[in-house]
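The values are calculated or read from the model by the stated rules, or taken from the named source; none is laboratory data. Everything numeric in this text was worked out from a predicted model, so none of it was measured. Cβ placement follows ideal geometry from the backbone for every residue including glycine, while neighbour counts extend to all protein chains displayed. Note: areas computed on protein heavy atoms with side chains; ligands, DNA, RNA excluded. Shrake-Rupley method; radii C 1.70, N 1.55, O 1.52, S 1.80 Å.
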Amino acid sequence: MNEKHRTRVSKRLSRHLRHDPAGLGLTLAPGGWVTVAELLAALARHRFPVSRAELDEVVANCAKQRFAFDETRTLIRASQGHSVSVDLELSDAVPPEILFHGTATRFLPSIWAEGLRPMKRHAVHLSATRETAWKVGSRHGKPVVLTVAAGEMAACGHAFQVSDNGVWLTSAVPAEFLAE
Ligand code: HQG
């Protein structure tokens, strides 16, 4: 499989496992899981055939580890990034003292006014490193990295979870916990 095709398959998986399972006639089970067999059958029905070996290759080669199998390797899910309402059934975790959020400068006025909101996703996504946050912010325009006082937030009762691929999730970040 060449890289171009891997990227096509990965984008298609993101679309259906994060945003539009119904477009393939799928429903995400609790945890965000679908069975691999149903996913592959649905993709084939929609003229996008992917073999099990190709799926394994895409999951293994994704630099951001966007997708994960369960321990039986019969279920698959997106590790984060969902816009459909989903309970990933992740346990609450104690965040590091500081986390980072990369965004575009044009969003700052609104962010200072109302804090970070999940917007179209099910949670606010936070990065463990400034570098990753910078890359995330660059996707939206002129990047800026905000620091999030995650330790203080946790002490105030805000819950955090960490996805299988190391992205920190929380439902909202009030502006008082943010700094530029
Ligand atoms: C911004 C990628 C105005 C927020 C990445 C962001 C990540 C506000 C944008 C994952 C706001 C939403 C998620 C407010 C937040 N007013 N703008 N109150 N609150 N925003 O794409 O965090 O490559 O939904 O700052 O690596 O950029 O897809 O979220 O700029 O982990 O695997 O609204 O997606 O992963 O944008 O990215 P997004 P995100 P993948």
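Details
- Taking each DSSP H run with n ≥ 4 as -39500 (n - 2.57) and averaging over every residue of the chain yields -8500 deg cm²/dmol at 222 nm.
- Solvent-accessible heavy-atom area per residue, rounded to whole Å², over the chain at 1.4 Å: 53
- Ordering of 47-53, 149-155 by burial proxy (mean other Cβ atoms within 10 Å per residue, highest first): 149-155, 47-53
- For segment 3-78, the residue among L26, P49, T7 whose Cα projects farthest onto the positive side of the dipole built from Cβ charges is T7.
- Hits among lysines - C-alpha to C-alpha of K120 under 24 Å, sequence gap 8 or more where chains match: K11, K64, K135, K142
- Within the accessible area of segment 3-78 (1.4 Å probe), percent carbon and sulfur: 53
- Subtracting the Cα-Cα distance of D87 and S138 from 0.36 nm times their residue separation leaves 15.6 nm of extension gain.
- With every protein chain in place, segment 99-179: carbon and sulfur % of accessible area (1.4 Å): 58
- Separation of segment 163-177 and segment 1-78, taken as the distance between their Cα centroids, equals 25 angstrom.
- Taken about its Cα centre, the chain carries a charge dipole of about 1080 debye when Lys and Arg each add +1 at the Cβ and Asp and Glu each add -1 at the Cβ.
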